[in-house]
Amino acid sequence: MRITQKAYAACVADFEPCLKALLDQVTGLDREEQLLQWGRIKYLMADEFTTTKGLGWIDEARMKKDYDLVQTYLGIEKPFAVESAFTSKLLDPGVKMDASKVSN
């Protein structure tokens, strides 16, 4: 998990090496489209939890609200305890999202 966090943080800091690695390994991708996609990903990764508690942090209250929405509008065939579906315990709280790298 920490390696994934550090990889995302490195790509946030400088996306060019990450984009090169992606384009070298996956055929048929458009460079400009991947740049746009990365901008959207960074935007979605930058919230109050990832910037203060750790990159990849999951807020239990937010998950519960999402679960309740799905239950209300779509239904959940086999209900489960929300907290059993995720954990942030494996995250390194020292690796945080750098929101200054996100443009609106």
Practice problem: Give the number of residues within the range 42-57 that are surrounded by 16 or more Cβ atoms within 10 Å (Cβ to Cβ) and touching a helix residue (DSSP H, G or I) at 6+ places or on another chain (Cβ under 9 Å). | Solution: 10
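Condition check ((1) closer than 22 Å to Phe15 by Cα; (2) hydrophobic (A, V, I, L, M, F, W, C); (3) in contact (Cβ under 8 Å) with a residue 60 or more places away in the chain) across all residues:
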{"position": "Lys64", "(1), (2), (3)": "no, no, no"}
{"position": "Leu69", "(1), (2), (3)": "no, yes, no"}
{"position": "Lys78", "(1), (2), (3)": "no, no, no"}
{"position": "Ala81", "(1), (2), (3)": "no, yes, no"}
{"position": "Ser103", "(1), (2), (3)": "yes, no, yes"}
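To keep it simple, each residue is scored yes or no on (1) closer than 18 Å to Val102 by Cα; (2) loosely packed, with under 15 Cβ neighbours inside 10 Å; (3) in contact with a Ser or Thr (Cβ under 8 Å, 6 or more places away or on another chain).
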{"residue": "Thr4", "(1), (2), (3)": "no, yes, no"}
{"residue": "Arg40", "(1), (2), (3)": "yes, yes, no"}
{"residue": "Tyr67", "(1), (2), (3)": "no, no, no"}
{"residue": "Thr72", "(1), (2), (3)": "no, yes, no"}
{"residue": "Glu77", "(1), (2), (3)": "no, yes, no"}
{"residue": "Val82", "(1), (2), (3)": "no, no, no"}
Practice problem: Starting from residues that are of a type in the set (Val, Ile, Thr) and in a loop (DSSP other than H, G, I, E, B), keep the ones in the range 31-77 and report whichever is modelled with the highest pLDDT. | Solution: Ile76
Quiz item: Could you count how many residues in the range 78-104 are in contact with a helix residue (DSSP H, G or I) (Cβ under 9 Å, 6 or more places away or on another chain) and in a helix (DSSP H, G or I)?
Solution: 5
Quiz item: Only one of (1) free of Cβ contacts under 8 Å to residues at least 60 places away in the same chain; (2) in contact with a helix residue (DSSP H, G or I) (Cβ under 8 Å, 6 or more places away or on another chain); (3) loosely packed, with under 14 Cβ neighbours inside 10 Å; (4) under 17 Å from Val95 (Cβ atoms) fails for Asp14. Which number is that?
Solution: (2)
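Examine the range 24-31 for a residue that is surrounded by 14 or more Cβ atoms within 10 Å (Cβ to Cβ) and either more than 15 Å from Lys101 (Cβ to Cβ) or within 17 Å of the chain's Cα centre (by Cα) (or both), and state whether such a residue exists.
Just the residues of the range 24-31 that are surrounded by 14 or more Cβ atoms within 10 Å (Cβ to Cβ), to begin with: none.
No; the residues of the range 24-31 include none that is surrounded by 14 or more Cβ atoms within 10 Å (Cβ to Cβ) and either more than 15 Å from Lys101 (Cβ to Cβ) or within 17 Å of the chain's Cα centre (by Cα) (or both).
The values are calculated or read from the model by the stated rules, or taken from the named source; none is laboratory data. Quick caveat, the model's predicted, so the values are computed rather than measured. Note that each Cβ is placed from the backbone with ideal geometry, even for glycine, and that neighbours are counted across all protein chains shown.
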